[in-house]
Amino acid sequence: MDKLTLPPVIAIDGPSASGKGTVAQRVAQALGFHYLDSGALYRLVALKVLQDGHNLDDETQLADVARNLNVVFQDSAILLGGCDVTDDIRTEQCGILASQLAAYPGVRAALTDRQRAFRQQPGLVADGRDMGSVIFPDASLKVFLTASAEIRAQRRYKQLMEKGINANIADLLQDIKNRDDRDRNRSIAPLQQLHDAQLLDTSSLTISQAENTVLSWYDEIHAKN
Ligand code: DC
């Protein structure tokens, strides 16, 4: 595809449980854009590895799992090998394993083309850790969406309680801090605020306020071009 005709991308990166997925989905809906939840791909690899019992030290084997994932995104449902795994990939176990597997360059490389294929007209909102740095470095708008670890742990606790899942807020906070450390300090595609990304701290914002901030930044860019 000619670079000039490439559909626009809004890249929203940020740490675990920052609310970037909810904000990204709402921005995509408001603009009529496609949506990529890149974390779901890493979680799917994790789920497949758990199901099939692969060796967690064998990067080549794990990269093969990532390359051969049989996944279909169907509206808001995610099918792996034809089975609905929408809820299964959201467990803490899958999130923690996803973060470990994501440190392997081979696994990341195996998922690159699959992520770029989401870039379709009229545009894409993509969320993750390396959307602005590696997958879509030419994104029209890059946002680094974050919130304090304590607020993120409280939000995750509330979500789990609403689903009837028991949780301990101190454990959630520790998991979030461990995941932040791993995602920030890995040598390949680490989570970072890029110099050309807008910082959006949602600690004291509602979801609507965060969504409207991203939409207004995108409008400003549009008005200039
Ligand atoms: O966004 P999430 O919490 O669902 O992502 C799960 C893990 O996947 C996260 O801890 C790190 C990894 N990940 C990544 O390395 N790069 C991405 N673009 C998205 C997720």
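The values are calculated or read from the model by the stated rules, or taken from the named source; none is laboratory data. Every value quoted in this text rests on a predicted model; they were computed, and no experiment measured them. Reconstructed Cβ throughout: ideal geometry from the backbone, glycine too, with neighbour counts over all protein chains shown. Note: areas computed on protein heavy atoms with side chains; ligands, DNA, RNA excluded. Shrake-Rupley method; radii C 1.70, N 1.55, O 1.52, S 1.80 Å.
Is one or more of the residues making up segment 12-26 free of Cβ contacts under 8 Å to residues at least 24 places away in the same chain and open to solvent by 10 Å² or more (accessible area, probe 1.4 Å)? Scanning segment 12-26 turns up no residue that is free of Cβ contacts under 8 Å to residues at least 24 places away in the same chain and open to solvent by 10 Å² or more (accessible area, probe 1.4 Å).
Restricting D64, D75, D113 to those that are more than 16 Å from the chain's Cα centre (by Cα), modelled with pLDDT of 95 or more and open to solvent by 60 Å² or more (accessible area, probe 1.4 Å) reduces the list to D64. Residues being part of a loop (DSSP other than H, G, I, E, B), within 14 Å of the ligand (Cβ to nearest atom) and aromatic (F, W, Y) are entirely absent from segment 139-151. Here the helices (runs of 4 or more DSSP H) wholly within segment 42-129 that include at least 2 residues being farther than 30 Å from H222 by Cβ, more than 15 Å from the ligand (Cβ to nearest atom) and not aliphatic (A, V, I, L, M) are 59-67. For beta carbons closer than 6 Å, sequence separation of 6+ or different chains, a first residue in segment 37-54 that is without any contact (Cβ under 8 Å) to a residue 24 or more places away in the chain and a second that is more than 8 Å from the ligand (Cβ to nearest atom) and assigned to a helix (DSSP H, G or I), the qualifying pairs are H54/Q61.
Being among the polar types (S, T, N, Q) and open to solvent by 70 Å² or more (accessible area, probe 1.4 Å) is the filter; apply it to segment 145-177 and report the residue that is nearest to the chain's Cα centre (by Cα). Checked segment 145-177; the qualifying residue nearest to the chain's Cα centre (by Cα) is Q159.
Within segment 193-225, the set of residues being in a loop (DSSP other than H, G, I, E, B) and in contact with a Phe, Trp or Tyr (Cβ under 8 Å, 6 or more places away or on another chain) comprises Q193, L194, A197.
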